[in-house]
Amino acid sequence: MKNLLVAVIATTASMAGASQDIVDQYPQSELYSKPVEVIPHVYSAIGATAPPGFGNAGHNNNLSFIVTSEGVIVVNAGASDKLAVALHDEIRKVTDQPVVLVINENGQGHAMLGNGYWADLGVDILAHVDAVEEIRETSDNMIQRMQVYSKTGADGTRVVEPNITFEDEYDISLGGVNIRVLHLGSAHDPGDIQVWIPDWDLMIAGDIAFHERMLPVFAHTCTSCWIETWEEKLEPLAPTYVIPGHGHPTNLAQVRRYTYDYLVDLRAKIGAHIEDGGDLAGAYYVDQSKWTNLDTFDELATRNAGRVYEEMEWE
Ligand SMILES: [Zn+2]
């Protein structure tokens with residue numbers, strides 16, 4: 001089933017499907033899977049569609065890179081120094097061009113804990129101002145959690161803040177490629193960014209877009225904002241190709257289905273529950289059976305329902 005869904009992009013049709021039970025697809029590497037060329041010059045190492053753990057070394061999000069004739073741009077530093085090293089090894093296999101910029105898709109551990117490796121090489125690191133704020137507030141906790149699950153995989157990892165920040169848009173022209181780094185608005189995380197390459201009709205969407213696994217609603221996630229950002233800012237760009245924050249590269253319709261449609265459905269269910277006078281304890285059990293095919297359903301469905309109830313209670 002999932003292989004069929006992935007086959008919408010011919011260039012990636014040979015990739016394995018997603019299942020959170022698959023412990024590792026690339027045992028020779030710290031990476032969970034070997035990068036694939038999604039469209040010409042854009043590669044992505046697809047992370048496990050499972051929570052971070054020892055088996056996937058914390059590589060449970062997508063680590064992408066864009067190759068140009070004037071250098072390489074990396075999207076996400078990865079959850080550890082070792083993952084950054086492993087991704088760099090893969091970049092060297094496809095190009096002699098140096099990495100000139102690393103972008104953190106937000107302030108979460110798997111976007112930024114590998115920053116130290118890149119900073120030591122003198123590479124600039126870009127993030128949204130709110131992501132840097134999140135790193136300042138939560139990175140001690142993030143690195144400790146990573147050290148617990150990753151064990152020796154954490155060796156060498158330290159927290160390094162991005163040295164370049166932006167608020168709305170950061171435009172890059174490199175090797176004739178125009179790359180728009182956007183903050184479309186609050187979505188999964190306040191500091192979410194999207195890397196949009198209009199000439200190639202591709203968006204490296206980060207955590208505004210999920211595929212193949214259930215999205216997590218965090219305590220600080222504003223789901224009404226996420227829906228609004230999606231409708232008003234993401235849809236008008238209408239990318240043909242989407243590399244989501246999690247799950248295989250696909251198209252806009254597919255990430256809409258598993259991100260936007262899920263949020264709208266969950267909010268409708270919780271809204272009806274509140275209308276009926278329902279409480280938080282009951283909110284955990286609203287019907288989410290439509291989404292059981294998604295990986296991490298068991299870990300997240302009830303938790304998400306509780307968080308959306310807490311958000312909607314005040315609306
Ligand atoms: Zn993520």
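We did not get these values from a lab; they are worked out from the coordinates using the rules stated. None of the values given here were measured: they were computed from a predicted structure. FYI the Cβ positions are ideal-geometry reconstructions off the backbone, even for glycines, and counts take in every protein chain you see.
What is the order of LYS290, LYS34, fewest Cβ neighbours within 10 Å to most?
Working: LYS290 12, LYS34 16.
Ascending Cβ contact count within 10 Å gives the list LYS290, LYS34.
Using only the Cα atoms of the range 118-180, build the gyration tensor, take square roots of its eigenvalues as a ≥ b ≥ c, and label the shape rounded, prolate or oblate: rounded if a/c is under 1.5, else prolate if a/b is larger than b/c, else oblate.
On the way: a/c = 2.94, a/b = 1.78, b/c = 1.65.
It is prolate, given that a/c is not under 1.5 and a/b is the larger ratio.
Based on the alpha-carbon gyration tensor of the range 64-106 and its eigenvalue square roots a ≥ b ≥ c, which shape applies: rounded if a/c is under 1.5, prolate if not and a/b is larger than b/c, or oblate?
oblate
By how many nm would the segment from ASN163 to GLU310 lengthen if fully extended, with 0.36 nm per residue of separation less the alpha-carbon distance?
Extra length from ASN163 to GLU310 when fully extended: 49.4 nm.
So which aspartates and glutamates can LYS82 reach, going by Cα to Cα under 13 Å and dropping same-chain residues fewer than 8 places off?
Reachable aspartates and glutamates: GLU30, GLU90, ASP155.
Would you mind computing Rg(Cα) / (2.2 N^0.38 Å) for the range 175-293, counting N as its residues?
For the range 175-293, the normalised Cα radius of gyration comes out at 1.15.
Can you tell me how much longer the chain between SER69 and LYS93 gets when fully stretched, taken as 0.36 nm per residue apart minus their C-alpha distance, in nm with one decimal?
Contour length minus Cα-Cα distance gives 7.1 nm.
For a protection proxy built on the mean count of beta-carbon atoms within 10 angstrom, sort 71-83, 143-155 highest first, please.
Descending packing order for the listed peptides: 71-83, 143-155.
Could you give the Stokes-Einstein D for the range 146-207 in µm² per second, using the C-alpha Kirkwood radius, 20 °C, 1.002 mPa s?
Estimated via Stokes-Einstein, D reaches 152 µm²/s.
Most mobile of GLY114, GLY17, GLY185 per a Gaussian network model of the chain (Cα springs, under 10 Å)?
In this elastic network of the chain, the residue with the biggest mean-square fluctuation among GLY114, GLY17, GLY185 is GLY17.
So, in nm, how far is label GLU232 from label VAL264 when the simple model puts each one 7 Å beyond its Cα toward the Cβ?
Using points 7 Å along Cα→Cβ, the separation is 1.7 nm.
Give the separation of the Cα centroids, the range 18-77 to the range 131-205, in Å.
Value for the Cα centre distance between the two parts: 15 Å.
Output the direction-averaged projected area (hull surface divided by four) of the convex hull of the alpha-carbon atoms of the range 260-315, in nm².
Result: 3.6 nm².
So which lysines pass the test for LYS269, namely a Cα distance under 23 Å, with those fewer than 8 places away in the same chain ruled out?
LYS290
Step by step: find N for the chain, compute 2.2 N^0.38 Å, then divide the Cα radius of gyration by it. What's the final number? Mind dumping the intermediate values first?
Numbers: Rg = 18.5 Å, N = 315, 2.2 N^0.38 = 19.6 Å.
The chain yields a ratio of 0.95.
Nearest 20 debye, what's the magnitude of the dipole of the chain about its Cα centre given +1 on Lys and Arg Cβ and -1 on Asp and Glu Cβ?
On the way: 19 positive and 46 negative charges, 212 e Å.
Value, rounded to 20: 1020 debye.
Counting only C-alpha contacts under 8 Å and six or more residues apart, can you give the relative contact order of the range 153-210 as a whole percent?
22
Over all directions, average the projected area of the Cα convex hull of the range 51-186 and note it in nm².
7.9
What is the calculated FRET efficiency for GLU299 to THR240, with r their C-beta to C-beta distance and R₀ = 25 Å, to the nearest 0.05? Walk me through the numbers before you get to the answer.
Numbers: r = 32 Å, r/R0 = 1.26.
The calculated FRET efficiency here is 0.20.
Which of the peptides 250-258, 211-219 is most tightly packed, and how do the rest follow, going by the mean number of other Cβ atoms within 10 Å of each residue?
Order by mean packing, descending: 211-219, 250-258.
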